[in-house]
Amino acid sequence: MLNLDIQAQYSHLEETIRSYNPSADFAQIQAAAELAYRAHDGQRRKSGEPYIIHPLAVAQIVAEELKLDSESICAALLHDVIEDTPCTHEEIAKAFSPTIANLVEGVSKLTRIQYATKEDEQMENLRKMLIAMSKDIRVILIKISDRLHNMRTMEYQSPSKQKQKSLETMEIYAPISHRLGMQRIKWELEDLSLKYLDPVAYDEIVSRLDAKRPEYEAFMARTRAQVDARLKDMNIHHTIYGRMKHPYSIYRKMFSQNKNMDEIFDLFAFRVIVDNVGDCYNVLGVIHDIYTPIPGRFKDYIGTPKPNGYQSLHTTVMGTDGIPFEVQIRTQEMHDIAEYGVAAHWKYKQNGQGSGTEGKYEWVRRLLENQEGADAEEYIHSLKIDMFADEVFVFTPNGDVQNLPAGATPIDFAYAIHSAVGNRMVGAKVNGRIVTFDRQLKNGDIVEILTSKNAKGPSRDWMKIAKSNEARSKIRQWFKKEKKEENIANGRSSFESELKHCGISMKTVLDPENLPILLKKVNCATLEEMYAAIGYGGFSAQKAVSRMHGELQRIEKQHQQEKQVDVPVEGKPDVMRPAVPKRSKSEQGIIVEGLDNCLVKFSKCCTPVPGDDIIGFITRGYGVSVHRCDCPNASEEKRHMPGQEGRWIKVTWGKDTNESYPTVLEAVCKDRMNLILDISAALASTNTSVCGLNSRSTEDEFAIIRLEIRVRDDQHLKALMNKLHQISGVLKITRPSG
Ligand code: MN
């Protein structure tokens, strides 16, 4: 290289790399620097310097601040060649490695993104998109280094460019740096941005700090000496750093707490770095011994690390001059991770395991999602958003970021904008080119939807192409609303073909006895409603038919069971059954003359069973009450009471009586041992089920036993009564009535 300054800058870079990575590939790094030098030859920065100054400086940041590997250094040196020179991805891949070429390509992609300032949610999406686009974490680290150098040299840009870049830095790059745990870089980015965004406030803060600097520095030196002396006494190996709050954090405090600079509480912070965790707590003890701790300000992030892995002890104490200050105590490793975050982790990993693969960065992904100080719930939630795998971020033509599920297509995008956009879509452009509707969108794509008022609306295929539930449901809605007739026709034809497929005839479905049950099974009021649901895709024909099929099988089975129960009782051949249309006319085995489907109950006074002569009484509101003809409550006298004649009605037993009826027997017995046992045996031998049995003794030493039982009919009852009569001691058996 010709230029001496450039040569010196390069030597400094090599020296820096050698200090942390003596086995770096210096031949490759030099080759990268030379390629960058040639490729950018003739280009100049706004400052008038040769362009190569910039990539060298970015590589310097990548080395000095982040201590990254040889590949990252090469990529940093080459980071602008694809974008700004004729040099291509292929050339870099060939001359260096595909990994380096991919890193450069990744940085270029981020460079191409145009930002406009937006509301918070949009900014958050932009940040996520940037991280998502940096498939290799080194891409975003190089990009941040690039931005840092550009911010450091922003003075040569036009005022409007300064404002725009500063805003972008404040809203995108500083938060990402923070999220990646790189505090030092975050501060510098914030301070540099503030300088252009609010120059007056920035100057005021900086000049106040400068004015008081001797005083502040004296205070810090004094304090440091005090702590240093005590720790030396105790033989604790340590390093102490003192710093003032950086301008932007003072600025923010002044604004948010509405304070002037003198009121900012903790302008100073000290950091003590020790060898091990035990010493962290020892140092804390020493600090609290020398100074008075301010209550409520001690935090143990070693015992309980922050979600992003940050560890440290924090305490705020009152200094001897009445100036409060914060002390952070941590080990060297905790310190590296706090200052350089991801990069430090990356360094530790790299030294342990050699160069990395994607899988190694899993932990980074988790880290990326975490804001420092986010609470546990938020942390868990953010873990669920695996934005690398599940999401894709694309731009609308006016720069809004749209967040879609991975694999999303222009259809998903259109419906995400508005259902009216989707319904009127006639074409789509990605990055200015017409694409097919099934094109999978990539992070950073600019998507434009072409619409027409004469659009025919979505096609049914769109439902298969769309990836998001949102789009699918909106398309379904459209079909439901706009295409009712067509839906019904389509639904009907797919339903019918599915029926045929299952060997069910339409006649069976339309059978008035089956249809209401089947419709209930598919939650539709009418067949047409079901056809429409099938037609617009809300319900599949297969599902409808399979539910109906199940229901028809159940009905069939029920019929068969009924036959099996009825045959022995009736003693009639099966073929006779269809000729007896009695089912609809009898109620609990009772046929009420002239009345179908009326409510029937059996009177409690005489408990009739099939075979008994019976008569019905029309009650007020409880249907027909059935009495035995010999019940005192249905006596001739009562039947002819004035005003009551019309209420007595002829009833007969049908052929489809219930399996059993409740009735009551009373037995008068001479009490003896085991009487109840013998009665039980009689009940069992006649297959009689017992609902209740109670016994009471009369004054003349007889027992009256009341049996509440269920019998099939009068024959069954007669058989039981005979059995009971044969029991010794049973004197009399009656059916109580009245
Ligand atoms: Mn650059």
Selected residue [within 13 Å of the ligand (Cβ to nearest atom), in contact (Cβ under 8 Å) with a residue 40 or more places away in the chain and of a type outside the set (Phe, Trp, Tyr)] from ALA33, ALA76: ALA76
Residue ID - nearest to the ligand (Cβ to nearest atom), chosen from residues in segment 98-107 that are touching a Leu at 6+ places or on another chain (Cβ under 9 Å) and closer than 8 Å to GLU71 by Cβ: LEU103
Pairs under 8 Å by beta carbon, first residue closer than 14 Å to ASP300 by Cβ in segment 311-333, partner assigned to a loop (DSSP other than H, G, I, E, B) and among the hydroxyl-bearing types (Ser, Thr, Tyr), six or more apart or different chains? GLN311/TYR301; SER312/TYR301; LEU313/TYR301; HIS314/TYR301; GLN328/SER312; ILE329/SER312; ARG330/SER312
Given the criteria outside any helix (DSSP H, G or I) and under 18 Å from GLN542 (Cβ atoms), does ASN490 qualify? no
Complete set of residues in segment 79-97 that are more than 24 Å from TYR156 (Cβ to Cβ), within 16 Å of the ligand (Cβ to nearest atom) and surrounded by fewer than 21 Cβ atoms within 10 Å (Cβ to Cβ): CYS87
So which helices (runs of 4 or more DSSP H) stay within segment 176-285 end to end and still have 1 or more residues that are at pLDDT 90 or above and surrounded by fewer than 15 Cβ atoms within 10 Å (Cβ to Cβ)? 199-211, 213-233
Restricting attention to segment 709-728, report how many residues are surrounded by 15 or more Cβ atoms within 10 Å (Cβ to Cβ) and over 13 Å from ARG672 (Cα atoms). 13
In the list ILE113, ILE144, which residue meets the criterion of being open to solvent by less than 20 Å² (accessible area, probe 1.4 Å), more than 22 Å from ALA33 (Cα to Cα), within 14 Å of the ligand (Cβ to nearest atom) and in contact (Cβ under 8 Å) with a residue 12 or more places away in the chain? ILE113
Those residues of segment 444-481 which are part of a loop (DSSP other than H, G, I, E, B), closer than 29 Å to GLN114 by Cβ and aliphatic (A, V, I, L, M) amount to ALA466
Can you work out which of the residues in segment 162-194 that are basic (Lys, Arg) and either touching a residue at least 40 places away in the same chain (Cβ under 8 Å) or within 14 Å of the ligand (Cβ to nearest atom) (or both) is nearest to GLU124 (Cα to Cα)? ARG179
Contact list, first residue from segment 595-620 and aromatic (Phe, Trp, Tyr), second anywhere and open to solvent by 20 Å² or more (accessible area, probe 1.4 Å) and assigned to a loop (DSSP other than H, G, I, E, B), beta-carbon distance below 8 Å, six or more apart or interchain, is PHE602/GLN588
Kindly check whether there is at least one residue in segment 46-61 that is of a type outside the set (Asp, Glu), within 16 Å of the ligand (Cβ to nearest atom) and at pLDDT below 90. yes
Output for segment 689-721, where each listed residue is over 30 Å from ILE614 (Cβ atoms), touching a strand residue (DSSP E or B) at 6+ places or on another chain (Cβ under 6 Å) and not in a strand (DSSP E or B): none
Condition first: open to solvent by 50 Å² or more (accessible area, probe 1.4 Å), not small (Gly, Ala, Ser) and not in a loop (DSSP other than H, G, I, E, B). Now tell me which residues in segment 669-688 satisfy that. LYS670, ILE676, LEU677, ASP678
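The values are calculated or read from the model by the stated rules, or taken from the named source; none is laboratory data. Fair warning: this is a prediction, and the values are worked out from it, not measured in the lab. Using ideal geometry, Cβ is built from the backbone for each residue, glycine included, and neighbour counts are taken over all protein chains shown. SASA here: full protein model, heavy atoms, side chains in, ligands and nucleic acids out. Shrake-Rupley method; radii C 1.70, N 1.55, O 1.52, S 1.80 Å.
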